[in-house]
Amino acid sequence: MRDFMLSERMLSTAIRAMAKRQLKLTSPTETHLPAPDTGRSYMLYMHVPFCQVLCPYCSFNRYAFHKDVAVPYFANMRKEMMMLKDLGYDFDGLYVGGGTPTIMIDELCETIDLAREHFTIKEVTSETNPNHLAPKYVEKLKGRVQRLSVGVQSFDDGLLKQMERYDKYGSGEEILERIAEAASHFDTLNVDMIFNFPSQTEEILRSDLEKLIACGGTQVTPSPLYVSNATRKKMATTLGKMDYNREYYFYKILDEVLAGGKDPEFYRKSVWTYNRVNRDNAEMNNPVLIDEYAEYPGIGSGAVTHLHGKLYVNTFSLDEYNTAIERGQMPIMGETTLGKTELMRYRFLKQLYGLRLDKKLFERTFGCSVERGLPMETTFMRMHKAFATDNDEELTLTPIGRYLTLVMYRQFLASLNNLREQARAVLSGKEQNLLFEESTV
């Protein structure tokens, strides 16, 4: 076990070092994103940075909610969306993240309706918080949003108080009741949970998993806690110091409880996403292995776009964001170009995160086999017996492989904070800091 944990730390360190070298922002060369590929449909990511409570572990661009700031922001985000239409983009999916997208429900609904009017949107996903599972919110989201993802993080009242969420979002039992009431109104109700909080015990984890099973959500996403430089100090003060040594143990517990045994309640959709087993329709229980590699444009302050081998980052300044949009420019503050090796690593990681790497697709895309393109990565995974299937067609994962992919993906997400910290570093005054103030509604 000690040798395995050493491998985990080496893997995390290697990914962190590679990301630090590769993810360096330079000044943008254009005032607009590139045009879409002909005939291709994309997903649109939309970022709403406002929250009533700023959680100590979150490093996304977020600001304490003030109505007089949020109203013009939503208006300008709709203008930015129409700039993409003018460039020729079409979208079959919309993902609204944050922040708390539902913090101004009428503004969100107006934005979704505009997207449906101008694009061929088939599915809308929106994140939300437990206090917005109230009927007045659910009624407006029903029919507009097909997949609602609620950030619960834990049902344990002690943890909720440490995260400064208890007073705003309610107790674990209250949240459990709201999920049960809201679940039938959406095609998918996803429940986000975080595991490996410093003060989380095995008993708390198992209790959270029991409540996940009982809550009525059709999908659950227990993801590992990861730390960024920007939130390290605040998180240590409120939650304690991270301990990665027990992450694997906790992951084995949750994977077995949710998807193990002869008659599991859930099946694996990705390394840390689980869909509830449909007892009435067995065909619905076959996991659809999706290519997670897809490129997408992002709008809103702090949004990251992935197009044509580049990452583009929108300004984190709300003032600069509004000024750029009102001038008819996109609010891009920096970009970074991904080389062929970085793109191969990205596909390797994203497809394994989705539980299967298509070797033939990899070779058609990059002109070489995954073994030739990524010799160190494939050798490392084989040394640790990470592949359940390893043939000319595909790679699939063993339980050890799923955890190693979790480590890579967790560290990849943490490394994206390098881009966010670079974007935040150029701000001036109050906007430069991650703020932990209370909002004014």
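Per-residue 3J(HN,Hα) values for the stretch 387-398, derived from phi via the Karplus relation 6.51 cos²θ - 1.76 cosθ + 1.60 with θ = phi - 60°, read 9, 7, 10, 8, 9, 6, 9, 7, 10, 10, 10, 7 Hz in sequence order (x marks Gly and Pro).
Proximity of backbone amide H atoms, modeled 1.01 Å from N, is registered between Gly216 and no other residue at under 5 Å, excluding neighbours fewer than 5 places apart on the same chain.
The Kirkwood radius of the stretch 341-397, taken over pairs of alpha-carbon atoms, gives through the Stokes-Einstein law at 25 °C and 0.890 mPa s a diffusion coefficient of 221 µm² s⁻¹. As a proxy for reagent exposure, ranking Met242, Met381, Met82, Met344 by other Cβ atoms within 10 Å from fewest up yields Met82, Met242, Met344, Met381.
Computed over the chain, the P(r) curve from all C-alpha pair distances, binned at 10 Å from the origin, holds 4, 20, 32, 30, 13, 1 percent per bin.
Comparing Glu203, Glu320, Glu265 in a Gaussian network model of the chain where C-alpha atoms under 10 Å apart are linked, the largest mean-square fluctuation is found at Glu203.
Going by a ≥ b ≥ c, the root eigenvalues of the Cα gyration tensor, does the stretch 27-285 fall in the rounded group (a/c under 1.5), the prolate group (a/b larger than b/c) or the oblate group? Taking the square roots of the gyration eigenvalues as a ≥ b ≥ c, the stretch 27-285 is prolate.
Need one number: the % of Cα-Cα pairs in the stretch 70-116 sitting beyond the 18 Å mark.
The calculated P(r) of the stretch 70-116 puts 25 percent of pairs beyond 18 Å.
Adding -39500 (n - 2.57) for every DSSP H run of four residues or longer, then dividing by how many residues the chain holds, sets the calculated 222 nm ellipticity at -13000 deg cm²/dmol. Distances between placed amide hydrogens fall under 5 Å for Leu397 paired with Ala388, Thr389, all partners being 5 or more residues away or on another chain.
If R0 is 30 Å, the Cβ-Cβ spacing of Ala294 and Thr398 corresponds to a FRET efficiency of close to 0.70.
With R₀ set to 51 Å, the beta-carbon distance separating Lys122 from Ser369 gives a calculated FRET efficiency near 0.90.
Of the three principal axes defined by the Cα atoms of the stretch 150-223, the extents in descending order read 34, 23, 16 Å. Structure remark: mean-square fluctuation, Gaussian network model of the chain, C-alpha springs under 10 Å; the largest value among Phe316, Phe362, Phe197 belongs to Phe362. The lysines whose alpha-carbon is closer than 25 Å to the alpha-carbon of Lys241, local same-chain residues fewer than 8 away aside, are Lys20, Lys161, Lys168, Lys233, Lys252.
For Met193, the amide hydrogen comes within under 5 Å of the amide hydrogens of Gln153, Thr221, Ser223, counting only partners 5 or more places away or on other chains and with H modelled in the peptide plane.
No value in this document is a laboratory result; all are computed from the given coordinates. All of these numbers come straight from a predicted model, not from anything done at the bench. Cβ: placed from backbone, ideal geometry, glycine included. Neighbour counts: every protein chain shown.
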